[in-house]
Each structure stands twice: as C-alpha cells, then as structure tokens.
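First comes the structure, then the notes that go with it.
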Amino acid sequence: MTLDKCKRGQRIKIMNIPNEVIRSQAIRFGISEGAVVTCEEVVPAGPVVVGMFKQQIAIGRELARSIAVQPIS
C-alpha cells in the first residue's frame, strides 16, 4: 500500500522511499524507512498529514503515492 491510501488515525510503518532525493528530504524531517507514523489527516486532492514525535508533516499527494507503507494494528 502507498501513503496516499492511508486512513485518518491509522498507524503505519514506512517500508520504502524509492527516490534517493526524496529519501534524503524525508530524513531531514525524521522520517526514514522503518519509522512508525500516524496518519493525522488526508486532505481530499491535497496533502497527507502524518504525525511523529508531536510533529505534523504535510506530504504532497504525488510524493505520498511513491512511499510504500504497511499498516500496523
């Protein structure tokens, strides 16, 4: 599943960030492969907002489509 398909309130684990440039940008925000984040909001036709360590990060829809995630129960 990709990040743009997550549901509000769902905890997810980042599995793969394929683009090296995007991966390095995500690391600056503390998001890396293996990180567990919470889907805070999915704005229709807009960004996906994820939360981690009391910080919220808006990720553009195109970028979210390229990030592979796995839901955590």
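Just a few scattered comments:
- Potential extension, Gln25-Ile57 segment - 0.36 nm per residue separation minus Cα distance: 10.3 nm
- Here the range 1-55 is treated as an ellipsoid with the same Cα gyration tensor; its semi-axes, largest first and in whole Å, are 18, 13, 11.
- Placed amide H near Glu40: partners under 5 Å, 5+ positions off or other chain: Gly9, Val49, Val50, Gly51
- Rounded to the nearest 20 debye, the dipole size of the chain about its Cα centre is 160 debye, using +1 on the Cβ of Lys and Arg and -1 on the Cβ of Asp and Glu.
- Set of aspartates and glutamates near Lys5 by C-alpha distance (under 17 Å), chain-local residues within fewer than 8 positions excluded: Glu40, Glu41, Glu62
- Net length gained if the chain between Ile72 and Val43 were fully extended (0.36 nm per residue, minus Cα distance): 8.3 nm
FYI, it's all coordinate maths here, none of it is from the lab. Everything numeric here is computed off the predicted structure, so don't read it as measured data. In this analysis, Cβ positions are derived from the backbone assuming ideal geometry, glycine residues included, and neighbour counts consider all displayed protein chains.
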